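See below for the structure under consideration.
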Amino acid sequence: MLARSEPGCQAMPWRRELSTALTRPEELIGLLDLDPGLLPAARAAARKFGLLVPRGYAALMARSEPHDPLLRQVLPLAEELHGPPGFTTDPVGERAAVLLPGLLRKYQGRALLLLTGACALHCRYCFRRHFPYANDSAQPDRAAGAIARLAADASIHEVILSGGDPLMWDDEPLAVLIGRLAEIPHLQRLRLHTRLPIVLPSRVTARLCHSLRTSRLRPIVVVHTNHARELGAAARDALARLHGAGVMLLNQSVLLRGVNDSAGRLAALSEALFECAVLPYYLHLLDRVLGAAHFELDETAAIRLLARLRTRLPGYLVPRLVKEIAGEPYKIPIER
Ligand SMILES: *Cc1c(COP(=O)(O)O)cnc(C)c1O
Ligand code: SF4
């Protein structure tokens, strides 16, 4: 068996922090003084998709508050165990877009490189909760094939590193990958889709910022925040470091019942993001993934919510409401 971290090896602080993340429902429920009656269902649902919450993120949650909007994103519930019709394991048709293991080209000019299936936090609504990562993520040694494929396709101008979470890769292999990508002349932009600056802010290291700042490729980081309270002091500092490194910062959210389904909460999120130099980009309708039906808000309610948001905020703080339809050439804007 291969030891993932050798004893005596100098682990990065973020790796150490991740190794102490909460993984057992009883830990989270105990820590937050929640009703132990939640435990049996939490255990059952966590067997299908494990619980994972960094302690720093859990510290942002209110105690004894089962409806806390941060808690709701991570606590496995009995509702996950019933799958109403229409909710499936591959709602966005990603498996069909796979070019090579770990490389997806669904949209023109952009290619998505899935670096890993791992994340620092498990979002219960995740559309990839059933994705077969074991086969489909680019391990560092396999990225060579993806790079050759990108180099051979001059129509691609932007590479999106995604996953899972691409920042689960260590700084060194990531720096090597970014260097290889920068050698491909037709690539102009490097985008990272990551939730780590929010849920594990210590991941934004000086080395990472250096790799992004010094690359020939224009760096864009799309973070994933659903509620203003996720932007604690540490996350704000992490975003400031990225901003200081010249990274264009955008945010995507998923519209989630019980988390951010009011104009007040969405407005507070946009304002808080702007304070961190992050512009709201997308607000996704929930992908209809099996186990996430209890988060869904219907399209009509979503459109009404966006109309209310537009009356409260300048246009640049209103995210685009979109949904993904398998086989369509871009994310579909929801018009009113
Ligand atoms: C969302 C997504 C993109 C990027 O779409 P943009 O509209 O450019 O943000 C690219 N590839 C895949 C597979 C996606 O799901
Ligand atoms: S961070 Fe993204 S990929 Fe990871 S569990 Fe959450 S939604 Fe899924």
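Values for this structure:
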item: Set L266, L285: member being within 16 Å of ligand 2 (Cβ to nearest atom) and aliphatic (A, V, I, L, M); result: L285
item: Some residue of the range 112-120 being part of a loop (DSSP other than H, G, I, E, B), more than 16 Å from ligand 1 (Cβ to nearest atom), surrounded by fewer than 20 Cβ atoms within 10 Å (Cβ to Cβ) and modelled with pLDDT under 90; result: no
item: Residue check, V159 among the β-branched types (V, I, T) and either modelled with pLDDT under 95 or buried (at least 16 other Cβ atoms within 10 Å of the Cβ) (or both); result: yes
item: Complete set of residues in the range 140-156 that are part of a helix (DSSP H, G or I) and surrounded by fewer than 18 Cβ atoms within 10 Å (Cβ to Cβ); result: P140, D141, R142, A144, G145, A148, R149, A151
item: Residue satisfying condition, being away from ligand 1 (no atom under 16 Å from the Cβ), buried (at least 17 other Cβ atoms within 10 Å of the Cβ) and within 16 Å of the chain's Cα centre (by Cα), within set V259, V278; result: V259
item: Hits in the range 284-333 - residues which are away from ligand 1 (no atom under 14 Å from the Cβ) and assigned to a loop (DSSP other than H, G, I, E, B); result: L286, R288, L290, G291, A292, E296, L297, D298, L313, P314, V318
item: Selection count where residues are under 23 Å from R16 (Cα atoms) and part of a helix (DSSP H, G or I), scope the range 177-211; result: 13
item: Residues (of a type outside the set (A, V, I, L, M), farther than 15 Å from E230 by Cβ and in contact (Cβ under 8 Å) with a residue 40 or more places away in the chain) located in the range 192-213; result: H193, S202, T205, S211
item: Answer from E275, E324 - the residue that is under 30 Å from L104 (Cα atoms) and assigned by TED's automatic domain parsing to the domain that holds V259; result: E324
item: Positions within the range 147-189 being within 14 Å of ligand 1 (Cβ to nearest atom), within 22 Å of the chain's Cα centre (by Cα) and hydrophobic (A, V, I, L, M, F, W, C), in sequence order; result: V159, I160, L161
item: So S215, is it at pLDDT 95 or above, assigned by TED's automatic domain parsing to the domain that holds K106, under 23 Å from C123 (Cβ atoms) and more than 16 Å from ligand 1 (Cβ to nearest atom); result: no
item: From the options V98, V92, V53, residue that is surrounded by 14 or more Cβ atoms within 10 Å (Cβ to Cβ) and at pLDDT 95 or above; result: V53
item: Inter-residue pairs, beta-carbon under 7 Å, first touching a residue at least 12 places away in the same chain (Cβ under 8 Å) and in the range 256-270, second assigned to a loop (DSSP other than H, G, I, E, B) and of a type in the set (V, I, T), 6+ apart; result: L269/T225
item: So A78, is it under 30 Å from R229 (Cα atoms) and free of Cβ contacts under 8 Å to residues at least 40 places away in the same chain; result: yes
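The values are calculated or read from the model by the stated rules, or taken from the named source; none is laboratory data. Keep in mind that what you see is a predicted model, and the values were worked out from it rather than measured. Positions of Cβ are backbone-derived with ideal geometry, glycine not excepted, and every protein chain shown enters the neighbour counts.
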